[in-house]
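The values are calculated or read from the model by the stated rules, or taken from the named source; none is laboratory data. Computed from a predicted model, the values in this text were never measured in an experiment. Cβ coordinates were reconstructed from backbone atoms using ideal geometry, including for glycine residues, and neighbour counts include every protein chain displayed. All accessible areas refer to the heavy atoms of the entire protein, side chains included, with ligands and DNA or RNA removed. Shrake-Rupley method; radii C 1.70, N 1.55, O 1.52, S 1.80 Å.
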Amino acid sequence: SILYTSIQPIWQLTTMTETTNESTATMRIVTMRVDSAELLIDNVDTYIKIGSGIVLNISFFQNATTEGMRKAVKKLLRLPLLSRGQWGDDHAPESILDLTPNVDVLIVPQANLVGKASSSSSGSSASSIRYNEQADKDLARRLYSEFCQEISIAAAKALAPPS
């Protein structure tokens, strides 16, 4: 199942940054393999829960495009990020598409992934985080929605019987 939007055991953490031809980052994705995960979505008592699968935290830079996002989805779905067995056993990692429908996916918008730490101008050890390159809310919401749709479409195609 694919769900949009407190992680239990984390097996592996992978960061993927999609870039343009000029090597400028357009989006950042952090993946977490999990036995199970749940996310509080209303700050009160409403949770989204998944079983064994992957959590995708995504963020977009201001120069992100639909084309770049689609390339990232294709790459992400084919990367060997998951394993059927326990971490470190003899099972080779497989892609999300290879394991569909036996893998859950939780997609979480995480705007702060595109922030950059910077030192204080006064020379003190204090730092700050700057979000100068972060996509504006409208662009980020649109791309997040399209990202979720692309993942769903790819999963449906993977489940469709061969024609």
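Quick look at the values:
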read-out	value
Carbon plus sulfur fraction of accessible area for the range 32-163, probe 1.4 Å, in percent	50
Extension gain, Asp35 back to Thr65 (0.36 nm per residue minus Cα-Cα distance, nm)	7.6 nm
Order by protection proxy (mean Cβ within 10 Å, highest first), peptides 154-163, 127-136	127-136, 154-163
Cross-link reach list, lysines versus Lys71, counting only Cα pairs under 21 Å and skipping chain neighbours closer than eight places	Lys157
In nm, spacing of pseudo-spin labels at Gln149 and Asn102 (7 Å Cα→C-beta vector)	3.2
Convex hull projection area averaged over all views, the range 38-163, Cα basis, nm²	11.8
Virtual spin-label span in nm between Thr46 and Tyr131, 7 Å along Cα→Cβ	2.2
Extension gain (nm, one decimal) between Ala156 and Lys116, 0.36 nm per residue minus Cα-Cα	10.8 nm
